[in-house]
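Single-structure report; data block below.
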Amino acid sequence: MDNHKWWEDSEQLRLLNTRLTAIGVNRREFLKVVGAAGGASAVALALAACGSSSDNTPTTASSASTSAPTTASGSGGTTPAASTSTSSGATPASSASASGTAAPSAAASNADLAAEQTFTQNNTYEPNSFDFNKDLYCNGDSSVWALLGQFDSNMTAQPDIAEKWEANDDASVWTFHFRDSKWSNGDPVTAGDFEYSFKRQLDPKTAAPYAGFLYDLKNAQAFNTGKDANGTAVSVTVDDVGVKATDDKTLVCTLEGPRGYFPVLATYTAAAPSYKPAVEKFGDKWTEAANIVCNGPFKLTEWKHNESYTLEKNDGYWNASKVTLTKSISPIIADTAEFTAYQNSEIDLSVHGSLGNLDKVQSDATLSKEYFKYNLFGTWYLEPNVTMKPFDVKEVRLAMAHAIDRDTIVKNVLKGLGTVAYTMTPPGMPGFDSNTYDDFTKYDPDKAMSLLKGTPYEGGKNWPAIEMIQRNNEGDAPTAAGDAIIAMLNENLKMNIKHTLGDPKDVYNRQYENKNQLIWWRWYIDYPDPNNTMYLVWYSKFPSGERNSFSNDQADKLMTDAAALSDQDARAKLYQQAQQILIENGAGIFVYNPWNYALKKPYVLDMPKDKDGNYVPDWNVFVRMKDSLKIGKH
């Protein structure tokens with residue numbers, strides 16, 4: 001594969017898509033990196049590759065066109081294998097900055113800084129552990145770990161513990177070269193530490209639910225499951241797994257075949273290391289504050305369970321000189337109590353702005369200056385189960401679409417934290433269709449009621465019991481919007497609907513089991529292409545199950561055909577045709593595109609920004625916000 005440009009190879013993309021799908025991974029984390037690496041053309045090919053496989057934050061480099069170097073280096077001394085052109089300002093891996101993050105604008109001078117560089121931000125849940133090597137969803141703080149690479153604020157993989165990497169001719173063997181860095185106890189970070197960590201995650205005794213993330217390593221799946229990719233029983237040992245430290249500074253990863261994307265996997269949080277002596281001595285307690293040994297820019301020094309945890313700067317980390325914060329304190333404060341904590345200056349940053357507090361924030365002389373709004377790039381919609389009464393009648397679904405006043409919901413209920421939605425793909429994303437499809441979506445109570453003529457529910461009568469389910473962790477804005485929808489359906493169609501807030505996991509599982517009668521939920525985009533909002537959500541023939549009960553062979557074919565095309569205009573037309581089928585059948589009743597807001601104290605300086613100047617706090621992919629933060633005098 002020329003220059004190992006994996007995003008230009010459909011087989012490479014298909015392999016990765018299959019890998020992530022097989023282990024139930026939220027694929028947005030990788031696919032938006034595809035967009036950052038190769039831009040719109042790469043996303044297009046990724047969509048074709050993802051077309052035969054089967055979840056929410058946009059990439060910030062959708063217009064980038066970047067060729068990957070054969071060798072990535074943090075020192076800037078390596079010549080890329082191909083020239084790089086970008087219209088978006090995305091940073092190529094060959095010129096990664098030492099800090100690995102996009103340079104903040106108007107960086108604060110030392111004279112502006114407080115004597116104590118302590119940052120405070122709540123964690124909304126008590127961590128289960130800080131052991132990402134075993135459990136990606138441990139809810140700890142990943143800034144205590146440094147991986148082979150790290151994602152910058154434009155979601156591009158950059159060198160970290162590995163100062164550079166290169167592949168053999170067909171990208172089936174990747175070699176990572178380590179820089180000098182230290183664990184928090186002073187021990188050097190070695191290639192052997194990562195060999196141990198990868199094999200620990202794959203060891204069936206570890207029972208790591210994310211082990212499949214590393215199945216690209218030779219014999220990894222066979223070692224982890226006792227079966228090969230075809231399901232045939234095999235016998236392999238840990239020594240057969242394709243990861244080997246040939247010396248302290250060199251890690252060689254031998255893969256099941258060409259895998260140009262492997263450095264991206266090695267950069268994701270699921271590839272975080274663990275410290276062998278602590279694991280062997282303390283078992284599952286090894287990440288308690290008294291036991292943990294960290295290799296990231298920060299180290300865990302105190303953990304008061306169900307109260308708070310404290311991180312301090314790890315001076316042994318290779319790039320510690322670029323980290324200004326000396327301490328980070330995370331009190332355990334639920335999102336419902338977050339605003340009060342921010343007002344009381346118990347935290348410096350609040351990222352879960354609630355609708356109920358919006359008026360107060362915007363009218364307050366101080367809070368209004370600390371407020372910023374950000375686009376969530378998603379769509380909230382009703383999804384009726386077409387196999388259950390009364391939604392097995394198409395006219396009922398279409399009547400609902402005409403009975404909802406979207407403008408009132410956005411303006412009066414959400415107070416402007418959103419835009420009206422008539423289609424699935426949100427505005428600002430490739431493939432957005434500006435057609436409002438008035439014949440099927442325009443607010444018209446008379447038409448809504450007239451559609452019930454000739455059905456068992458003519459005149460708004462004979463409705464069965466109806467329950468609208470919603471996950472209980474979505475915040476007050478969607479809940480308020482859901483209540484408003486129920487009121488409108490009652491007023492205009494005489495529907496009596498029970499609004500139930502359910503356990504998120506239970507609601508999600510029931511949806512895939514086709515047990516929810518009516519669900520109010522959302523989709524946040526994973527990467528900037530209609531394949532993400534259309535195919536991944538609405539394709540009805542996934543072997544692992546679907547998010548919805550609606551199935552249409554023509555729509556399925558349009559979406560799979562679109563994924564195989566390289567012409568962006570032609571692809572968009574096919575997706576829009578498929579989307580029209582959904583709308584005409586009331587498969588989804590799209591209501592609004594959500595925004596949210598955050599609050600940041602004015603003394604929190606140098607928060608990372610993307611190429612467009614938008615703040616980028618820690619999220620699923622970018623998790624190194626604290627590397628750049630500074631605390632100003634206050």
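The values are calculated or read from the model by the stated rules, or taken from the named source; none is laboratory data. Source: prediction; values computed, not measured. Here the Cβ is made from the backbone with ideal geometry for all residues, glycine too, and neighbour counts use every protein chain on show. Each accessible area value is taken on the protein alone, full model and side chains, heavy atoms only, with ligands, DNA and RNA left out. Shrake-Rupley method; radii C 1.70, N 1.55, O 1.52, S 1.80 Å.
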Notebook entry, point to check: When the accessible area of region 324-448 is computed with all protein chains present and a 1.4 Å probe, what percentage of it is carbon and sulfur?
Noted result: 49
Notebook entry, point to check: Gain in length, T250 to K373, computed as 0.36 nm per residue apart minus the alpha-carbon separation, to one decimal in nm?
Noted result: 39.8 nm
Checklist line | Charged-residue dipole, Cβ positions (Lys, Arg, Asp, Glu), region 125-265 about Cα centre, Debye nearest 20 | finding: 240
Checklist line | HN-Hα J in Hz across region 454-468 - Karplus 6.51, -1.76, 1.60, θ = phi - 60°, x for Gly and Pro | finding: x, 9, x, 10, 3, x, x, 10, 6, 5, x, 4, 10, 10, 9
Note to self: Students often forget the sequence filter, so: which lysines lie under 27 Å Cα-Cα from K515 once same-chain residues fewer than 8 apart are removed?
What the structure shows: K389, K394, K461, K494, K498, K505, K541, K557
Next item on the list: Measure off, as a whole percent, the carbon and sulfur share of the 1.4 Å-probe accessible area of region 455-497, all protein chains present.
Entry: 45
Next item on the list: Quick one: which residues, 5+ away or cross-chain, put their amide H under 5 Å from the amide H of T250? H built at 1.01 Å from N.
Entry: F178, A191
Next item on the list: Obtain the nm distance between the two label points defined at K411 and T336 by a simple spin-label model: each point lies 7 Å from its Cα along the Cα-to-C-beta direction.
Entry: 3.2
Notebook entry, point to check: Using the heavy atoms of the protein chains alone and a 1.4 angstrom probe, what is the accessible area of region 192-273 per residue in square angstrom?
Noted result: 38
Checklist line | Residue-wise HN-Hα coupling along region 208-218, computed from phi with Karplus coefficients 6.51, -1.76, 1.60 (Hz; x: Gly, Pro) | finding: 6, x, 9, 4, x, 4, 9, 5, 5, 5, 3
Checklist line | Cross-link pairs K327/K630; K411/K447; K299/K327; K600/K630; K249/K609 - those with Cα-Cα distance over 21 Å | finding: K411/K447; K249/K609
Notebook entry, point to check: In whole Hz, what ³J(HN,Hα) sequence does region 347-362 give by Karplus (6.51, -1.76, 1.60; θ = phi - 60°), x for Gly and Pro?
Noted result: 9, 9, 9, 10, 10, 10, x, 9, 4, x, 9, 4, 4, 4, 5, 6
Note to self: For the pair D203/N490, report the inter-label distance in nm, with labels modelled 7 Å from Cα in the Cβ direction.
What the structure shows: 5.8
Item checked: Gained length - Y125 relative to N614, 0.36 nm times residue gap less alpha-carbon distance -> 173.4 nm
Next item on the list: Compute the relative contact order of region 429-546 as a whole-number percentage, counting only Cα pairs closer than 8 Å that sit 6 or more residues apart in sequence.
Entry: 29
Checklist line | Residues of region 414-553: accessible area per residue with a 1.4 Å probe, Å² | finding: 43
Check: Fully extended, how many nm does the chain gain between A320 and A115 (0.36 nm per residue separation, minus their Cα-Cα distance)?
Finding: 72.0 nm
